[in-house]
Amino acid sequence: MEKKKIVLIGPVYPYKSGISHYTGLLYRALCKKYDVTMVSYKFQYPRLLYKKEQRDYSNDNFKIENTNYWIHTANPFNWMQTAQKIKRLHPDMIIIQWWHPYFAPCYWWMCRLLKQTKILFVCHNVFPHERFPMDRFLTKTVLRQGNCYIVQSKSDAEDLQKIIEKPVLKQTVHPTYNAFKIENLSREEARKRLYIDDKKNVLLFFGFIREYKGLCYLLKAMPEVTKRIESALLLVVGDFAGAEEKQRYMDMIQEYGIQENVKVYDGYIPDKEVEKFFAACNVVVLPYISATQSGIVQIAYGFEKPVIVTNVGGLPDVVEDGKTGYVVEAGKPAALADAITNYFRQSMEKQFTENVRKEAYRFSWDRMVEAIDELLDGELA
């Protein structure tokens, strides 16, 4: 029987970001069942919005052969040309990655031109993490062009229902990123590469460093953590928004007297360098003050690492409190300090790690494909 055709739209290698990794892994999962055409960008963001390098060629593990880099997000003539190319493929479904209203004009025009085809939006966040005027209008305008939706948190489902009446949607959990385990490093080897003592109890904060991720609360918790856990070491690994932002956090580290207990690795971490940080740590900490969901949890699970998260957005949906990690109240350094202390003093790592392994199928890409199957085959309201 001839396979149904899907056009998948979104960033893939060599573009940076978790959404790029996500799209590449989704493509591979869909290819097991469907005839999939990958469509990405020849131009993603203008320099005005994203001043740093947008591409990373250092690790081609996420490379998708035969990707069509067709879309220029700032060129209306290109949107029409790309829509015509997609139309000639006669797909049964078009799947679009949605995470920021910057893409609204481009996607709105393309969807209007492709309205005869079933369109699925995979919403990584319905609204952007950092809100701005008109974001609700732009989001509503473009998402209304879709026929069905996948969201990955209860909060996103609620946001979608605020702007679209009775949407056809599936709420799924964010699948695990398991493609960063390239060398299968042991903890000992990873720590050797990072010059970290084997006896340290290592916490990892990983990813782009933005205000909503709550790093300041974790730093505020560290003096209490170090009193209780003398061997505690926090790795802060990621790209600061700018020099001033970085200095603010460095000043906090000085102010709290935790220079010996915090190591900062500033800058974008290439894919091939990710493994050593996760392999080296005992637990991953996400002290976010707002979120929809987070790929960082799924990277941690890919390395079978427990997590300590806050009770915001979709984080409690993927972390079972007291089983695969701890869920604490957001914006409370004392709560973070207590959870970290309990984790090490009660030796929870082995038990939590085993529970993470048991959850593997719930976070598999096969589950995501099952949700897409149902939306592709189902009748639309």
Residue tally, condition in a loop (DSSP other than H, G, I, E, B) and modelled with pLDDT under 95, over segment 159-184
15
Considering segment 208-247 alone, what residues qualify as being of a type in the set (Gly, Ala, Ser), buried (at least 20 other Cβ atoms within 10 Å of the Cβ) and within 28 Å of residue 129 (Cα to Cα)?
214, 221, 238
Select, from 300, 339, 330, the only residue that is crowded, with 17+ Cβ neighbours inside 10 Å, part of a loop (DSSP other than H, G, I, E, B) and small (Gly, Ala, Ser).
330
Kindly indicate whether residue 144 is touching a Pro at 6+ places or on another chain (Cβ under 9 Å) and not assigned by TED's automatic domain parsing to the domain that holds residue 297.
no
Being aromatic (Phe, Trp, Tyr) and buried (at least 19 other Cβ atoms within 10 Å of the Cβ) narrows 69, 22 down to just 22
Answer yes if at least one residue in segment 125-134 is buried (at least 18 other Cβ atoms within 10 Å of the Cβ) and under 22 Å from residue 43 (Cα atoms), and no otherwise.
yes
Based on this model, can you work out whether residue 60 counts as buried (at least 16 other Cβ atoms within 10 Å of the Cβ), within 23 Å of the chain's Cα centre (by Cα) and modelled with pLDDT under 95?
no
Regarding segment 96-110, can at least one residue be identified that is assigned by TED's automatic domain parsing to the domain that holds residue 369, modelled with pLDDT of 95 or more, crowded, with 18+ Cβ neighbours inside 10 Å and more than 30 Å from residue 241 (Cβ to Cβ)?
yes
Tally, over segment 185-213, of residues that are over 19 Å from residue 226 (Cβ atoms), part of a loop (DSSP other than H, G, I, E, B) and not aromatic (Phe, Trp, Tyr):
4
Looking only at residues that are in a loop (DSSP other than H, G, I, E, B) and touching a helix residue (DSSP H, G or I) at 6+ places or on another chain (Cβ under 7 Å) in segment 63-82, which one is modelled with the highest pLDDT?
73
Could you run through segment 246-296 and say how many residues are among the aliphatic types (A, V, I, L, M) and not in a helix (DSSP H, G or I)?
10
Could you tell me whether residue 263 is in contact with an Asp or Glu (Cβ under 7 Å, 6 or more places away or on another chain), assigned by TED's automatic domain parsing to the domain that holds residue 341, farther than 18 Å from residue 295 by Cβ and surrounded by 15 or more Cβ atoms within 10 Å (Cβ to Cβ)?
no
Checking residue 85 against (1) in contact with a helix residue (DSSP H, G or I) (Cβ under 8 Å, 6 or more places away or on another chain); (2) among the charged types (D, E, K, R); (3) modelled with pLDDT of 95 or more; (4) within 18 Å of residue 40 (Cβ to Cβ), only one condition comes out false. Which one?
(1)
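The values are calculated or read from the model by the stated rules, or taken from the named source; none is laboratory data. Keep in mind that what you see is a predicted model, and the values were worked out from it rather than measured. Every residue, glycine as well, gets a Cβ built from its backbone with ideal geometry; the counts of neighbours run over all protein chains shown.
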